[in-house]
């Protein structure tokens, strides 16, 4: 034991997270597909394309390309699930470890206001469940309904309300999920600083409240039979399983203040209980968007891709799930939920400007454009627009077209940080500050640059105080 002590990980939370991260995908892939490599499924795809190519010889080149693309995407999703896709040849190399450390530094220096930025999340429940059901859920929270208390207990047992402890959504949004192993005390310490910072942002508490409310609405819709058949099927519940879930609810469930509480721990049908929990968790992670393996481009899994794409996973996931998914369903609640989300995006802009002591542009054009940008409804499209505005010095883009200037979300970023991600922007800031100090030009701009390098400098509950003494904010 003494010989191995230096090589053992003593952080139980880290060990459990790694174990779950690595073991769970293998278990689920084997359970659903028979083996973790998807051998029979990939062979079936290959055989189907072979039949098509024999039947349509003139389209062989097109079909071969489609086959290769399909197999590439499926194997990539499989490898992403198990954490091996894009794995560098030497995960312990200096550049890989430095990139991982820099992403942690970016998190603690740049995302202190992430909870305020997440205000538009409140509209996602409206887009999926409608205004009345969602507001009824928030009403249960505000009125301290016993149904909400019972539901919180259910959600915790399902693993829905664990963000305050694990900060898993924040880590996914900041692209901090990495299959590589920590190798020294400095990296372990930085990882702990990241965890503490995540708790200081209060994002975990905010996520848990929203997930509890939307999970409550989803569970009620399933147990009461109010959810349409198409949505039940989308959540992975067959008609036969839905009947088994309803039978278990009749035997063990209860209705409190009009809410259906499953009490699933008492169910004697383990399969029905498992499907019910899985459906609620899946729907909650879709409403309060948690980036998944299929939400980002494949190139973003490489070490350099992770660095360039940092902080953009949520934008892409939101566009894929909220916008594309909502448009395909075409429900009325999606459209008025979108309007609500844009309005909350505009509110976020106003709050951020006020907190930074900057003037708020109340013109309809500016509020609408800022609302669209901060709501994430156009996802990467607004990212491209913002980069174009930055690259052209405010000459090209929607802002210049409407006469509202560049977007406030990109106002403090240089072009390098806008195009190549926060790590390259951080290096640019360090270079700028260092040059100013060495040249004896420690002016307001340099002092502000130094401030942006401090961990927690923009935590939303302390940043307004720091802004009062930051000369770069005057």
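What follows draws every value from the coordinates through simple rules; no lab data is involved. Source: prediction; values computed, not measured. Methodologically, a virtual Cβ is constructed for each residue, glycine included, from the backbone with ideal geometry; neighbour enumeration extends over all protein chains shown.
What to note about this one:
- Crossing angle, helix 12-33 versus the chain [Cα axis fit, 0-90 degrees, rounded to tens]: 40
- Computed from Cα atoms alone, the Kirkwood hydrodynamic radius reported for segment 222-373 is 18.8 Å.
- Cα point-scatterer Debye curve for segment 292-334, base-10 log of I(q)/I(0) at q = 0.15, 0.19 Å⁻¹: -0.43, -0.59
- Cα extents for segment 18-88 along the principal axes, largest to smallest and rounded to whole angstrom: 49, 27, 11.
- Against the chain, whose longest principal axis comes from its Cα atoms, helix 364-375 is set at around 60 degrees.
- Mean projected area of the convex hull spanned by the Cα atoms of segment 117-225, taken over all viewing directions: 8.3 nm².
- Segment residue 256-residue 31, length gained on full extension (0.36 nm per residue, minus Cα span): 77.4 nm
- Helix-only CD estimate at 222 nm, as mean residue ellipticity for the chain, using -39500 (n - 2.57) per DSSP H run (n ≥ 4): -20500 deg cm²/dmol
- Quotient of C-alpha Rg and 2.2 N^0.38 Å, computed over segment 1-48: 1.83
- Residue ranges 88-97, 257-266, 305-314 sort as 305-314, 257-266, 88-97 when ordered by packing (mean number of other C-beta atoms within 10 Å per residue, highest first).
- P(r) tail fraction, segment 288-380 - alpha-carbon pairs more than 14 Å apart, %: 70
- Contact order normalised by residue count of segment 372-449, Cα under 8 Å, 6+ apart, percent: 18
- Computed over the alpha carbons of segment 343-392, Rg followed by Dmax gives 11.2, 29 Å.
- Segment 334-474 - Debye-derived log10 I(q)/I(0), Cα point model, q = 0.10, 0.11, 0.14 Å⁻¹: -0.39, -0.47, -0.75
- C-alpha long axis of helix 380-391 to longest principal axis of the chain, angle in °: 10
- Computed P(r) (all Cα pairs; segment 1-150; 5 Å bins; percent): 2, 6, 7, 9, 10, 11, 13, 13, 11, 9, 6, 3, 1, 0
- Between the alpha-carbon centres of segment 413-474 and segment 252-315 there is a gap of 36 Å.
- Ordered from longest to shortest, the equivalent ellipsoid semi-axes for the chain are 38, 30, 26 Å, each the square root of 5 times a Cα gyration tensor eigenvalue.
- Reducing segment 147-174 and segment 321-359 to their Cα centroids gives an inter-centroid distance of 23 Å.
- Over segment 94-410, Cα pairs under 8 Å with separation of 6+ residues give a relative contact order of 22 percent.
- Distances between every pair of Cα atoms in segment 214-302, grouped in 10 Å steps from 0 to the bin holding the largest one, split as 16, 46, 24, 9, 4, 0 percent.
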